Amino acid sequence: MTDVTAAVAAGDLAFLDEDVFNQWVVAQRWFASKTREVTHIEIIDAVPLRADPPLLVLCLVEARFPVGTHETYQVPLGLRRSEDGWDGQKIYEADGWIVYDALADAATGRELLHAMRSNRDIQVGQDEFRFRWAVNAGAGLGGTVDVRPVGVEQSNTSIVFGDQLIMKAFRKVEPGVNPELELLRFLSARGFPHIATLAGWYEVEGRHVSATLGILQEFLAGARDGWELALDELASDPDGLLDRVELLGNVIGELHTALGSDNSNQDFAPVEPSSEALSILYADVDEQIERVFLDLPETEAVAPIRGRGQDVREKLSLLSHATVVGRVIRTHGDLHLGQTMLSPRGWVVLDFEGEPARPLPERRLKRSPLRDVAGMLRSFSYVVAGARLLRGHQAPEGWEERARERFLSGYFEAVDGTLLPPGQQATEQLLAVFELEKAVYELRYELNNRPDWVAIPVAGILRLLDSE
């Protein structure tokens, strides 16, 4: 290797073993295009954050594909001298240096936290990396703090600071403001109590990409995951769980009311959807129905709906002709029990990124709040099935219907009614459209990933077909 310390300080990573590094990148779980041919991988930005060992350099990596498209990833790299050792996964080791994924290193977390608390700006050529501390975050952590990377690999990477803060680094970098930063900043500024409050973030604005790279927010010590809680309490206290479900409905109603409360902010002000937008919505759902019903497998699980694709499309058509939409607002975008936690201060809603498979501009669109509601209603179907499939426990007869009723009761009590269609019938019809959209999406997903769970969306589609 060359003089590594000097090279890193200058942002020059030409000394890296390109082949080994590229193979490592495409093998990571967060790399989204494993099935595509990659023609080239290149480090397009390298920002030195620490000049003394362990060295730390914040990299943006571009993966290119034969069709001319590309994806950008955030890959912070750490470098330690071999004699200092490294217990984690190595990218490779050569000439007395270990190269590794820096987000697995507590030292990286401390450096990023310090940069955000200091409102640090780093200029690299035409690119500016900005680290920001949220206005309402207070002084933040003081003194020595325990820093621990979250070990589970996923599409993003998280680091916890002393059971007080948690940072999420977005691995796949998409142009624009990430919806999670946007919504957390909006809700935190208004003191909305049912979120993990925003503490800071970091971003890049440059010639290659302008995007959110990571967010820092309150860590919910002692909170329980909503999905796991529901699985546990279906067995131990199903009636008490219904009380919690109604309170969750209140929280989601309050969330939508807050998100639709600022008419002066163009990005959040409620608007009346255009007829064109409604047509696009129904056409998109209709296309999804047609696609998934074209090639249903010959299995017992899908037998109740095989050959009924036209029935489902006609049901959608009937609903669409009768539906009045109400207003559209910014929404959660991917709401289900797994996106909630029950904390000592009540229910908290997490992960405002929206559906990861959708492009970022689409995730920032305003939608009917009932689309979030439909996602939660479908989640009750899943938790009943999950209790049986994962825990070997049968939910009480009729529990799902009671959960739906209690959640909706809590929701309608708390939500600003001007955001919804006028009248109960119109509201129920639009909700049915979104439940149908969600169930068809689930059917496609389960057919491809979890055949044992296919009966869940099949039952949801049958419910909608048989409804009045």
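The values are calculated or read from the model by the stated rules, or taken from the named source; none is laboratory data. Please read these numbers as outputs of a predicted model, since none were measured by experiment. A quick note on method: Cβ atoms are made from the backbone with ideal geometry, for glycine too, and the neighbour counts reach across all protein chains shown. Calculation scope for accessible area: heavy atoms of the full protein, side chains included, ligands and nucleic acids excluded. Shrake-Rupley method; radii C 1.70, N 1.55, O 1.52, S 1.80 Å.
Numerical summary
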item: Three-way shape label, segment 42-173, alpha-carbon gyration tensor, a/c 1.5; result: oblate
item: Ellipsoid equivalent to segment 174-298 - semi-axes via the Cα gyration tensor, in Å; result: 29, 28, 19
item: Percent breakdown of C-alpha pair distances by 5 Å bin, ordered from the shortest bin, for segment 142-239; result: 3, 11, 17, 19, 18, 15, 10, 5, 2, 1, 0, 0
item: Rounded, prolate or oblate (a/c below 1.5 giving rounded, otherwise prolate when a/b exceeds b/c) for segment 154-209 by Cα gyration tensor; result: oblate
item: Full-stretch length increase - Asp243, Phe412 - with 0.36 nm per residue and alpha-carbon distance subtracted; result: 59.3 nm
item: Nearest-ten-degree value, helix 455-466 long axis tilted from longest Cα axis of the chain; result: 40 degrees
item: Long-range amide H partners of Cys59 with built H, under 5 Å; result: Val47, Val75, Leu77
item: J(HN,Hα) series, segment 121-128, from Karplus relation 6.51 cos²θ - 1.76 cosθ + 1.60, nearest Hz, glycine and proline x; result: 10, 10, 9, 10, x, 8, 9, 10
item: Computed FRET value (nearest 0.05) for Gln28 with Ala426, which takes r as the C-beta separation and R₀ as 51 Å; result: 0.65
item: Residues whose placed amide H lies under 5 Å from that of Phe170, excluding near-sequence neighbours; result: Gly214, Ile215
item: Cα→Cβ-extended label distance, 7 Å offset, between Ser155 and Lys90, nm; result: 3.3 nm
item: Kirkwood-based Rg to Rh ratio, segment 314-405, C-alpha trace; result: 1.03
item: Folded to 0 to 90 degrees: helix 399-414 orientation relative to the chain principal axis, Cα; result: 80 degrees
item: Ordering of 241-250, 204-213, 329-338, 277-286 by burial proxy (mean other Cβ atoms within 10 Å per residue, highest first); result: 329-338, 241-250, 204-213, 277-286
item: Residues whose placed amide H lies under 5 Å from that of Ser210, excluding near-sequence neighbours; result: Gly176
item: Relative packing of peptides 11-17, 270-276, 439-445 - highest average C-beta neighbours within 10 Å first; result: 439-445, 11-17, 270-276
item: FRET E, pair Asp3, Val67, Förster distance 30 Å, beta-carbon r, rounded to 0.05; result: 0.15
item: Rounded accessible area per residue of the chain, 1.4 Å, Å²; result: 44 Å²
item: Three-way shape label, segment 320-468, alpha-carbon gyration tensor, a/c 1.5; result: rounded
item: The chain: Rg to Rh, with Rh as the Kirkwood radius over Cα pairs; result: 0.99
item: The chain: relative contact order as a whole-number percent, Cα under 8 Å and 6+ apart; result: 13 percent
item: Fraction of accessible area attributable to carbon and sulfur, the chain (%, probe 1.4 Å); result: 48 percent
item: Summed side-chain charge close to His256 - residues other than His256 whose Cβ falls under 12 Å, Lys, Arg +1, Asp, Glu -1; result: +2
item: Calculated FRET value between Val135 and Gln310, using beta carbons and R₀ = 60 Å, to 0.05; result: 0.65
item: Whole-Hz couplings from phi, Karplus 6.51/-1.76/1.60, listed for segment 177-193; x for Gly and Pro; result: 6, 5, x, 5, 5, 4, 6, 5, 5, 5, 6, 5, 5, 9, x, 5, x
item: Degrees, to the nearest 10: 226-236 long Cα axis against longest axis of the chain; result: 50 degrees
item: For q = 0.14, 0.21, 0.25 Å⁻¹, Debye-computed log10 I/I(0) when each Cα of segment 400-468 counts as one equal scatterer; result: -0.54, -0.97, -1.14
item: Residue-wise HN-Hα coupling along segment 309-316, computed from phi with Karplus coefficients 6.51, -1.76, 1.60 (Hz; x: Gly, Pro); result: x, 5, 4, 5, 5, 5, 4, 4
item: Cross-link reach list, aspartates and glutamates versus Lys366, counting only Cα pairs under 12 Å and skipping chain neighbours closer than eight places; result: Asp267, Glu272
item: Rounded to whole Å, sorted largest first: equivalent-ellipsoid semi-axes of segment 1-94, Cα gyration tensor; result: 25, 15, 11
item: Calculated [θ] (222 nm, deg cm²/dmol) that DSSP helices of n ≥ 4 give over the chain, each run adding -39,500 (n - 2.57); result: -13000 deg cm²/dmol
